[in-house]
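Written below as structure tokens is the structure these notes are about.
The values are calculated or read from the model by the stated rules, or taken from the named source; none is laboratory data. Predicted, not measured: the structure shown is a model, and the values here were computed from it. Methodologically, a virtual Cβ is constructed for each residue, glycine included, from the backbone with ideal geometry; neighbour enumeration extends over all protein chains shown.
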Amino acid sequence: MGTKRALVILAKGAEEMETVIPVDLMRRAGIKVTIAGLTGKDPVVCSRDVVICPDASLEDARKQGPYDVVVLPGGNLGAQNLCESSVVKEILKEQESRKGLIAAICAGPTALLAHEIGFGSKVTSHPLAKDKMVNGNHYSYTESRVEKDGLILTSRGPGTSFEFALAIVEALSGSDVASQVKAPLVLKD
């Protein structure tokens, strides 16, 4: 089966927790994670002024694909940057056509809408992004903390980052691995 691989697309203004927590938990699960800078390999300033250094530019990381999951963190500005990127659109369309998992959290699901990904799926998002997500009736909207519908996995915000990350781990590596990753984290059940 081989090592599972994840691509996390990091844009200026991304929400830090929604980036770092999934990266950390996927790496704990043995998933090879590449944090790819949307505009290059330079350090990225996130929504709360935390600076994250990408592993690669998105352009270079894309050449190393395909990936088992493409992850889109939220953050208003970060999600807007993902929405406006033609490269993100191409990557998401490729991932969707090859039936790979796509995971988006908080405002990240708005990039799915912008790029016409997963229409007809059940999704969730940050409450402030709900109106945008339900406009046009392209999705069935829920207020679940994490929603997985086929190969589209969405979540609500910073407070659901652990659940979101564990859902990605479970989807890629199974519930036993997700349980092993969760156990030492001292999360509230």
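Brief remarks on what is shown
- Unique residue being in contact with a His (Cβ under 6 Å, 6 or more places away or on another chain), at pLDDT 95 or above and within 27 Å of Ile31 (Cβ to Cβ) when the list is Ala107, Ala167, Ala129: Ala107
- The set of residues in region 112-130 that are charged (D, E, K, R) and either closer than 15 Å to Cys83 by Cβ or surrounded by 18 or more Cβ atoms within 10 Å (Cβ to Cβ) (or both) contains only Glu116.
- When Val177 is tested against (1) touching a helix residue (DSSP H, G or I) at 6+ places or on another chain (Cβ under 7 Å); (2) at pLDDT below 95, only condition (2) is not met.
- In region 123-130, the count of residues that are of a type in the set (Gly, Ala, Ser), touching a residue at least 12 places away in the same chain (Cβ under 8 Å) and under 18 Å from Leu10 (Cβ atoms) is zero.
- Odd one out for Ala61 among (1) part of a strand (DSSP E or B); (2) in contact with a Ser or Thr (Cβ under 6 Å, 6 or more places away or on another chain): (1)
- Index of the failed condition, Thr19 passing every other in (1) in a loop (DSSP other than H, G, I, E, B); (2) crowded, with 23+ Cβ neighbours inside 10 Å; (3) not aliphatic (A, V, I, L, M): (1)
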